[in-house]
Amino acid sequence: MKKLLTLAVISIAVFTLFSCTGKSKSNTAAQNETKKQEETVMSTAATESNGMAAKFMKSAEKAKVEAEAQSAEIEGFEQKEPIFESAARHGFKFGTVINPQNLQKKSYTDMVKADFNSLTAGNEFKAYTLLSQSGSQKSENGMPVMNYYNADNIAKFAQENGIGIRGHVLVWDAYMPAWFFREGYKNDGAFVSSDLMKKRLQYYIEEVIAHFETNFPGVVYCWDVVNEAVGDGANEYKEGDERHVRTSRGGTTNYFYDVIGPDYVELSFKYARQAAKKANANIKLFYNDYSTFYSPKREAIGKLIESINKNEKLCDGVGMQGYVGGYGQQAGCMSANDINLFKNAIVFYSNLGLEVHVTELALRNYDKTKAVQHANYYENFFKMLASVADEYKTLTCVAIWGICDNPSLPKNDYSYKMNGPYCGMYNYDCSKKPEFFKVIKALE
């Protein structure tokens, strides 16, 4: 029995030994396989990484070569005349934007005086800037009172330098203070009647047009009478209104529509035409809006202007703001299709018998590495403008609002989204970028 027990113990020990040895060999094989797989993955990742790095280096090298070629192209370039003279040969003024801040910046005013013959104030000619609540509350005739201090400084600069001004804008619902529509011009006053509001609006338009014509004769050569009155979505205009006149903006009531009525746009043009005649001012009257080159907004704008001009020609032209490219992002920027759409829109409005102004052009770019492409896009865009101007003779002003780069803008800044930090013809210090020379080339 003892001998049998000894044999059993020996058998178990041998079995255990062989079992462990087999498991050990199995684990080793698995570990080797895992290691082999890891090496394969790492090798593949390294290959892909090297490929990406090579691709990046190739792209960077290509960009460098393109930039050097572009620099060589403009090196020693001799500007023979101001850009506004080149533009004039195609029938349009060449303009940009100005405000009290850059009016104090010599590099900016020198830039303006050298190459532009049209200016648009950023905000200083708008009603919400001109209107004085305290002055209006003290008004003896019950009509609104305006403060022209900042606007006059801009007009004076333009007058002294022989530069025309696009008056922008007489009637705009955005940022419009509600007190202008209330009794006593008080924040908590009841809304006035439609008839009284019409009188206020007519008085305001007459006073503003007369002020600039009296104090700066001939400087303001046109006015944007109404701005952005066409709604974007069905929730912003009344169903069945083919003009798409906005009743609200981003959930905020359009008080002009609400208090005066759905014909406030037509009335504004009527008052502006009467005011121009009364002041003996030789000015053109424009309707101005954004997204003017996209359907169905383009067609709605056409219907609105047809309504304005139904009985007599009150609206001389359309202002196309011209923010071109992705909003706040590089995707969608520098699209050749947008150039075609823009041209088609100019032709569309021209066929309605209207003049066309490009009023707030910003060829967006958010990527510094796309500098060469942006300069080329500028050239192609202005080639299109020159071509359509020559053919239709209706494009009479091109004004650039995204005129200078501003790389320091934070991404949540309004100007960052609207223009892009690398949108300009000029650097932040107002020195000329390749875009400047590309525009000259396009207008040759």
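Some values worked out for this structure:
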{"read-out": "Qualifying position, being of a type in the set (A, V, I, L, M), part of a loop (DSSP other than H, G, I, E, B) and buried (at least 17 other Cβ atoms within 10 Å of the Cβ), among Met176, Met197", "value": "Met176"}
{"read-out": "First in region 244-257 and without any contact (Cβ under 8 Å) to a residue 40 or more places away in the chain, second anywhere and of a type in the set (Lys, Arg), Cβ under 7 Å, 6 or more apart", "value": "Thr247/Lys238"}
{"read-out": "Subset of region 398-410 that is in contact with a Gly (Cβ under 6 Å, 6 or more places away or on another chain) and part of a strand (DSSP E or B) - its residue that is nearest to Asn365 (Cα to Cα)", "value": "Cys404"}
{"read-out": "Residues of region 310-345 satisfying the condition of being more than 22 Å from Leu119 (Cβ to Cβ), of a type in the set (A, V, I, L, M) and not in a loop (DSSP other than H, G, I, E, B)", "value": "Ala336, Ile339, Leu341, Ala345"}
{"read-out": "Ala281 within 22 Å of Gly95 (Cα to Cα), touching a Pro at 6+ places or on another chain (Cβ under 9 Å) and either among the aliphatic types (A, V, I, L, M) or surrounded by fewer than 23 Cβ atoms within 10 Å (Cβ to Cβ) (or both)", "value": "yes"}
{"read-out": "Val347 vs. criteria more than 20 Å from Tyr108 (Cα to Cα), β-branched (Val, Ile, Thr), free of Cβ contacts under 8 Å to residues at least 60 places away in the same chain and crowded, with 24+ Cβ neighbours inside 10 Å", "value": "no"}
{"read-out": "One residue from Glu360, Glu391 being farther than 17 Å from Ser86 by Cβ, out of contact with any Cys (no Cβ under 8 Å at 6 or more places or on another chain) and free of Cβ contacts under 8 Å to residues at least 24 places away in the same chain", "value": "Glu391"}
{"read-out": "Failed item, numbered, when Leu354 is tested on (1) surrounded by fewer than 17 Cβ atoms within 10 Å (Cβ to Cβ); (2) touching a residue at least 12 places away in the same chain (Cβ under 8 Å)", "value": "(1)"}
{"read-out": "Hits in region 104-128 - residues which are surrounded by fewer than 19 Cβ atoms within 10 Å (Cβ to Cβ) and touching a helix residue (DSSP H, G or I) at 6+ places or on another chain (Cβ under 7 Å)", "value": "Thr109, Asn123"}
{"read-out": "Filter result for Phe181 (surrounded by 14 or more Cβ atoms within 10 Å (Cβ to Cβ), more than 31 Å from the chain's Cα centre (by Cα) and of a type in the set (Phe, Trp, Tyr))", "value": "no"}
{"read-out": "Region 307-334: number of residues that are among the small types (Gly, Ala, Ser) and in contact with a Leu (Cβ under 9 Å, 6 or more places away or on another chain)", "value": "3"}
{"read-out": "Where a residue in region 129-157 is closer than 18 Å to Trp172 by Cα and its partner, wherever it lies, is part of a loop (DSSP other than H, G, I, E, B) and of a type in the set (Gly, Ala, Ser), with Cβ under 9 Å and at least six apart", "value": "Val145/Ser139"}
{"read-out": "All positions within region 267-294 that are free of Cβ contacts under 8 Å to residues at least 60 places away in the same chain, under 17 Å from Gln321 (Cβ atoms) and either in contact with a Leu (Cβ under 9 Å, 6 or more places away or on another chain) or assigned to a helix (DSSP H, G or I) (or both)", "value": "Phe293, Tyr294"}
{"read-out": "Residue pairs meeting the criteria (Cβ under 8 Å; at least 6 apart or on separate chains; first under 17 Å from Trp223 (Cβ atoms), in region 158-177; second assigned to a strand (DSSP E or B) and of a type in the set (Asp, Glu))", "value": "Arg166/Asp224; Gly167/Asp224; His168/Asp224; Val169/Asp224; Leu170/Asp224"}
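Matching residues to (1) more than 24 Å from Ile403 (Cβ to Cβ); (2) in a loop (DSSP other than H, G, I, E, B); (3) modelled with pLDDT of 95 or more:
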{"position": "Asn102", "(1), (2), (3)": "no, no, yes"}
{"position": "Ser107", "(1), (2), (3)": "no, no, yes"}
{"position": "Lys113", "(1), (2), (3)": "no, no, yes"}
{"position": "Leu119", "(1), (2), (3)": "no, no, yes"}
{"position": "Asn123", "(1), (2), (3)": "no, yes, yes"}
{"position": "Thr129", "(1), (2), (3)": "no, no, yes"}
{"position": "Gly135", "(1), (2), (3)": "yes, no, yes"}
{"position": "Met143", "(1), (2), (3)": "yes, yes, yes"}
{"position": "Asp152", "(1), (2), (3)": "no, no, yes"}
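The values are calculated or read from the model by the stated rules, or taken from the named source; none is laboratory data. Owing to the predicted nature of the structure, the values given are computational and were not obtained by experimental measurement. A quick note on method: Cβ atoms are made from the backbone with ideal geometry, for glycine too, and the neighbour counts reach across all protein chains shown.
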